[in-house]
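The values are calculated or read from the model by the stated rules, or taken from the named source; none is laboratory data. Source: prediction; values computed, not measured. Methodologically, a virtual Cβ is constructed for each residue, glycine included, from the backbone with ideal geometry; neighbour enumeration extends over all protein chains shown.
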Amino acid sequence: MREIKAIMWKELMQIQSRQKSVIVNSVCNLILIGMIGMMRLLSLRSSGQDTKGMVTNIVIYVSIMCSYMALLTLLRFWQEKSNKTIETLISMPIGVEAIVLAKTLIPVLLACVIGFIDTSVMFLSVWILYGNIKISLIYVIGVQIMFTILVGVPYSIINAYAMWCMDLTYSKMVQGGSSFAYIAVLGTMFINNNSDLFYLPRVIAIVSGVLMAIALVMLIKFDKEKIVLRFLD
């Protein structure tokens, strides 16, 4: 337990040391994704399709994309290789699985916080646009937290396995998949006209189920010897 706390504390200190860049990235992501979301809302409003369900879903799209980008900014599994600290880390008297989960927890929790702030800003923007409460802030934040935890944790495990155990080609493919997922969600926001309030939570549940299954397999396959040999290549 002491080792896990030490890893989490180290993660927090590393994030704090680059606090300025994290804030700048988060603000830029919010501006870019928020503007795209507002363009979509204005488009729906001009065509009279801005129902409560549609507006809520657009805000959820913005919220989860901001959380996702925050998580990508905060995850630093590749850093152990560049700093040459991987051997020290895995020499701790705990399993690799515990190390990976400990390194995952702080980025996921902070992504939840950043997503909460971004959601609140987007909620305020919608309130200014419509002059009344068009969506439920509590509901949107609930979906955002659901996404960040249920998708963020297994994604982080997959990312760790790619960085620590896979060849460079495969690890780059995982990174490419992350970019593709961002573009796919962004594109879906523009073409999806589903106003069902439970549509996105259902999609998140399905995606998280698939990612969790993959992450569990990778957790089982983590091996200290394989990691050391991979970093010696």
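Given the structure, is ILE135 in contact (Cβ under 8 Å) with a residue 40 or more places away in the chain, β-branched (Val, Ile, Thr) and not in a helix (DSSP H, G or I)?
Judged against the criteria, ILE135 is a match.
Give VAL96, VAL126 a once-over and let me know the one that is touching an Asp or Glu at 6+ places or on another chain (Cβ under 8 Å), in contact (Cβ under 8 Å) with a residue 24 or more places away in the chain and crowded, with 20+ Cβ neighbours inside 10 Å.
The unique qualifying residue is VAL96.
Take segment 99-142 and flag every residue that is within 18 Å of LEU12 (Cβ to Cβ) and among the basic types (Lys, Arg).
Of everything in segment 99-142, just one residue is within 18 Å of LEU12 (Cβ to Cβ) and among the basic types (Lys, Arg), namely LYS103.
Residue-by-condition table, conditions (1) out of contact with any helix residue (DSSP H, G or I) (no Cβ under 9 Å at 6 or more places or on another chain); (2) among the hydroxyl-bearing types (Ser, Thr, Tyr); (3) over 20 Å from VAL100 (Cα atoms):
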| site | (1), (2), (3) |
| --- | --- |
| LEU137 | no, no, yes |
| ILE141 | no, no, yes |
| GLN144 | no, no, yes |
| THR148 | no, yes, no |
| VAL153 | no, no, no |
| ILE157 | no, no, no |
| ALA160 | no, no, no |
| CYS165 | no, no, no |
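Which condition does ARG202 not pass, out of (1) more than 18 Å from PRO107 (Cα to Cα); (2) touching a helix residue (DSSP H, G or I) at 6+ places or on another chain (Cβ under 8 Å), if it passes all the others?
It is condition (2) that ARG202 fails.
Within segment 143-161, identify whether any single residue is surrounded by 14 or more Cβ atoms within 10 Å (Cβ to Cβ) and modelled with pLDDT under 80, and answer yes or no.
no
Taking VAL55, is it closer than 29 Å to ALA215 by Cβ and either within 23 Å of the chain's Cα centre (by Cα) or part of a helix (DSSP H, G or I) (or both)?
No.
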